[in-house]
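The structure appears below as structure tokens.
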């Protein structure tokens with residue numbers, strides 16, 4: 001499981017600068033302080049990048065209400081063994097059972113082979 005985007009939070013920025021470890025960030029009281037949000041300012045700063053996908057690559061778009069309550073290996077197993085719809089539902093259900101009180105969102109997308117005509 002590889003994270004391809006950056007969280008826009010105070011603790012994520014501190015981890016990136018080396019001021020805090022990942023373990024410290026996970027337990028920080030400041031982990032819910034966001035540094036970017038839609039509707040917060042008139043101008044929106046967005047991250048744009050290209051990503052080359054191979055057949056059968058799997059993408060998970062999730063909120064911290066989900067990925068803060070599931071381990072990477074647990075999410076990986078779910079992504080590798082279920083359909084996109086079932087994987088999203090299973091991860092949301094597990095995060096809620098694990099005690100998540102934040103919004104919990106999961107969107108799973110599987111890359112399909114490209115047909116050559």
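The values are calculated or read from the model by the stated rules, or taken from the named source; none is laboratory data. The structure displayed is predicted, hence computed values, not measured ones. Cβ: placed from backbone, ideal geometry, glycine included. Neighbour counts: every protein chain shown.
Among the residues of the stretch 41-48, none qualifies, meaning not one is surrounded by 11 or more Cβ atoms within 10 Å (Cβ to Cβ), on the phi < 0 side of the Ramachandran plot and assigned to a loop (DSSP other than H, G, I, E, B). For the stretch 93-100, does any single residue satisfy the condition of being closer than 15 Å to residue 1 by Cα, at pLDDT 90 or above and loosely packed, with under 13 Cβ neighbours inside 10 Å? No: the stretch 93-100 contains no residue that is closer than 15 Å to residue 1 by Cα, at pLDDT 90 or above and loosely packed, with under 13 Cβ neighbours inside 10 Å. Looking across 32, 6, one residue alone is closer than 30 Å to residue 114 by Cβ and surrounded by 11 or more Cβ atoms within 10 Å (Cβ to Cβ). It is 6.
Every test in (1) surrounded by 12 or more Cβ atoms within 10 Å (Cβ to Cβ); (2) at pLDDT below 95; (3) closer than 30 Å to residue 115 by Cα; (4) in the same structural domain as residue 113 (by TED's automatic domain parsing) is passed by residue 68 save one, and that test is (3).
If you go through the stretch 88-117 and keep only what is free of Cβ contacts under 8 Å to residues at least 24 places away in the same chain and in contact with a helix residue (DSSP H, G or I) (Cβ under 6 Å, 6 or more places away or on another chain), you end up with just 90.
Within the stretch 75-113, the set of residues being in contact with a strand residue (DSSP E or B) (Cβ under 7 Å, 6 or more places away or on another chain) and in a helix (DSSP H, G or I) comprises 75, 79, 84, 87, 88, 91, 92.
Filtering the stretch 72-81 for residues that are surrounded by fewer than 12 Cβ atoms within 10 Å (Cβ to Cβ) and either closer than 19 Å to residue 104 by Cα or not assigned by TED's automatic domain parsing to the domain that holds residue 112 (or both) leaves a non-empty set.
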